[in-house]
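Remarks on the structure that follows.
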Amino acid sequence: MYKTTIGPNWVDHPEWGFDTLQIHAGYTGDPTTGTQTVPIYATNAFHFPSVESAAARFALQELGPIYSRLGNPTNDALEARIAALEGGVGAIATGSGQAAITLAILTLASKGQNVVASNSIYGGTFNLLGHTLDRLGIEVRFVDNPRDISQWAARTDANTAAYYGELVPNPQGDVLDLEPLAQTAHQAGVPLVVDNTVPTPYLCHPIEFGADIVVHSATKYLGGHGSAMLGIVVDSGRFDYAAAKAAPRFPGFNTPDPSYHGVVYARDFGVQGALGANLAFILKARVEGQRDLGFVASPFAVWAVGLGVDTLSLRMERHIANTRRIAEFLESQVGGGLVETVRWSSLPSSPFYALAQKYTPKGCGSLLNFDLAGGLEAGKAFINSLELLANVANIGDVRSLAIHPASTTHAQLTTAELLAQGITPGTVRLSIGIEDPKDILADIERGLAAARQANAA
């Protein structure tokens, strides 16, 4: 039997495991050159075989490249790979994680509608939801306790277009209870959007627990090397926008789109559509949102992130092992007058341990934070004394990182908003890398010694 593709044909092997798919999914080789790895297609446009073919592509009757703002073969390969790893039907790469979140929400919600969201989210996302979307006429209603499902239901009305939350928030590190939240969303006819940046698909598949759309800042763990900005939106293909409860909330999915040949996304590309899968959301996001908003991902950035995805499982295993060691050490310091609290949900002492075991049994990621007695001055002393851990505004790097959230990543929040998200003046956020754990530990001990000295001064 002869292969039908140049490289391994992942499509014909649904039995392949995660470690195999993270390398091979999305690309079957270039039949012209036989390239082993995905090439960088550094082009903005593509030749059409004929006028008829060009017209068919613009009418969504034929799939094929048109213009790199709408799709690029380099991007296509990574999008297919992440969709396969997450268990979705399709994905879109964007220029950043924030762009991915914005694209997902603007595809669902319009002026006059609202989004119900967890208040335990990254500070930049809190700003996007709490302030920027308001300028566009989209209200965001935050729940005070994201694990109290009744709060989500109480904030839902006929104009609610989405639920939004982070599975493991940055920097809080608590865990969103996905399964009952998804059930509540679906009972109301609302899709659930989940940010899976910190766990990655190696540690959790939110779609398996009911999430409808998954977003990533691929800048973080998917890329893993701090070398490129990128976001990913993944569509589960499970939410029916034409269903009785959902349809009134989504006129943009159920009425003709005058900007795109009068297509009706839920009818033409949804559950009963001609493409054989429910692609209503992901196609609307691409041909409307990506076309008009232009959240374009550079093929160069996509290529760099793709190299990181090749080793995702290996890196995450080391991330988790190192983080567990550091979290246990810091927990051993609690009660000694300096370290007040340690937050990593995979610690048995964590109030979120049961949820972490349910959704991320291998470990909840390499993000942890702790509070220092002495507040701002202790936090500054800790950060400034570090020699290995880098003081940078990023997470998910192979390198260990440390930052003071209250004065940097979350500085735009009020004191009340900071406290609501579990951030105090003495909070330090760590993103544990894959270095020798003894060296990471020694650097943290150095930081603690400096903080202790600052408190004594």
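Every number here is computed from the coordinates shown, using simple stated rules; none is lab data. Bear in mind the structure is a predicted one, so any value in this text is a computation, not a measurement. So basically every Cβ, Gly included, is an ideal-geometry build from the backbone, and we count neighbours across all protein chains shown.
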For this session: Note down the Stokes-Einstein diffusion coefficient of segment 116-221 in µm²/s, whole number, using a Kirkwood radius over alpha carbon pairs, 4 °C, and 1.567 mPa s.
Result: 94 µm²/s
Seminar exercise, completed: So the angle from the long Cα axis of helix 375-385 to the longest Cα principal axis of the chain, reported in degrees to the nearest 10, equals 80 degrees
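Over every pair of different alpha-carbon atoms in segment 257-370, take the mean of 1/r and invert it; report that Kirkwood radius in Å.
Mean inverse Cα-Cα distance, inverted, gives 18.4 Å.
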Exercise. Could you give me the ³J(HN,Hα) list for segment 142-154, computed from phi with Karplus coefficients 6.51, -1.76, 1.60 and θ = phi - 60°, whole Hz, x at Gly and Pro?
Worked result: 8, 9, 6, 10, x, 8, 8, 4, 4, 5, 5, 4, 5
Problem set entry | In Hz, Karplus ³J(HN,Hα) per residue of segment 286-292 (6.51, -1.76, 1.60; θ = phi - 60°; x = Gly, Pro) | 7, 7, 10, x, 5, 4, 8
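With 36 Å as the cut-off, how large is the P(r) tail for segment 38-307, expressed as percent of Cα-Cα pairs? The partial results should precede the final answer.
Values: 3522 of 36315 pairs.
That fraction is 10 percent.
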Exercise. Out of residues 5 or more away from N369 or on other chains, whose amide H comes under 5 Å of its own, with H placed 1.01 Å from N in the peptide plane?
Worked result: R343, L430
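Determine, for T20, T360, T323, the number of other Cβ atoms within 10 Å of each Cβ, and report the residues in order from fewest to most. Intermediate results must be reported in sequence, preceding the final value.
Working: T20 13, T360 22, T323 25.
Final ranking by Cβ density, sparse to dense: T20, T360, T323.
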For this session: Report the one residue of V38, V51, G64 whose Cα lies farthest in the direction of the positive end of the charge dipole of segment 1-90 (charges on C-beta: Lys and Arg +1, Asp and Glu -1; origin at the Cα centre).
Result: V51
For this session: Report the label-to-label distance for L441 and I40 in nanometres (one decimal), using points 7 Å from each Cα along the Cα→Cβ vector.
Result: 4.0 nm
Exercise. In whole Hz, what ³J(HN,Hα) sequence does segment 256-266 give by Karplus (6.51, -1.76, 1.60; θ = phi - 60°), x for Gly and Pro?
Worked result: x, 8, x, 8, 9, 6, x, 5, 10, 4, 5
Seminar exercise, completed: In Å, the Kirkwood estimate of hydrodynamic radius for the chain over Cα pairs equals 22.8 Å
Problem set entry | trypsin sites (Lys or Arg not before Pro) within segment 51-141, DSSP loop, no more than 12 other Cβ atoms inside 10 Å | K111
For this session: Give the distance, in whole Å, between the Cα centre of segment 19-78 and the Cα centre of segment 137-173.
Result: 37 Å
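Take the eigenvalues of the Cα gyration tensor for segment 312-456, scale each by 5, and report the square roots as semi-axes in whole Å, largest first.
Numbers: eigenvalues 99, 64, 46 Å².
Equivalent ellipsoid semi-axes, largest first: 22, 18, 15 Å.
Run through segment 1-105 and list the GluC sites (Glu not before Pro) located in a DSSP loop whose Cβ has at most 13 other Cβ atoms within 10 Å.
On the way: sites: E15, E52, E62, E79, E86; in loops: E15, E62.
Sites meeting the loop and neighbour criteria: E15.
What does the extension gain come out to for D257 and T415, with contour length at 0.36 nm per residue minus their alpha carbon separation?
52.5 nm
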Exercise. Looking at the chain, how many pairs of lysines come closer than 28 Å at the Cα, when each pair is eight or more places apart or spans two chains?
Worked result: 10
Exercise. What Kirkwood hydrodynamic radius, in Å, does segment 55-153 give when the mean of 1/r is taken over all pairs of distinct Cα atoms and then inverted?
Worked result: 15.9 Å
Exercise. Using Cα atoms only, what is the angle between the long axis of helix 97-108 and the major principal axis of the chain, expressed in degrees (0 to 90) to the nearest 10?
Worked result: 50 degrees
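When the expected Rg is taken as 2.2 N^0.38 Å, what fraction or multiple of it is the alpha-carbon Rg of segment 256-295? Working shown, then result.
Working: Rg = 10.1 Å, N = 40, 2.2 N^0.38 = 8.9 Å.
Scaled against compact globular proteins, the figure is 1.13.
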Exercise. For segment 197-292, what's the radius of gyration and Dmax over Cα atoms, in angstrom?
Worked result: 15.4, 45
Exercise. What residues have an amide H closer than 5 Å to that of F142, excluding those fewer than 5 places away on the same chain, when H is modeled at 1.01 Å from N in the peptide plane?
Worked result: A117
For this session: Collect residues whose amide H, placed 1.01 Å from N in the peptide plane, falls under 5 Å from the amide H of V296; neighbours closer than 5 in sequence don't count.
Result: G95
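What is the local net charge at R399, summed over the other residues whose Cβ is closer than 14 Å to its Cβ (Lys, Arg +1; Asp, Glu -1)? Can you show the working numbers first?
Numbers: positive: K220, R315, R318; negative: E387, D397, E435, D436, D439, D443.
Computed value for this residue: -3.
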Exercise. In a shell of Cβ-Cβ distance under 10 Å around L108, excluding L108 itself, what net charge do Lys and Arg (+1) and Asp and Glu (-1) give?
Worked result: +1
Exercise. Label point 7 Å out from R141 along Cα-to-Cβ: which residues of segment 224-246 have amide N under 17 Å?
Worked result: 246
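Quick one: work out the % antiparallel among DSSP beta bridges in the chain, nearest 5. Mind showing how you got there, number by number?
Values: 24 of 41 bridges.
Roughly 60 percent of the beta bridges in the chain run antiparallel, per DSSP.
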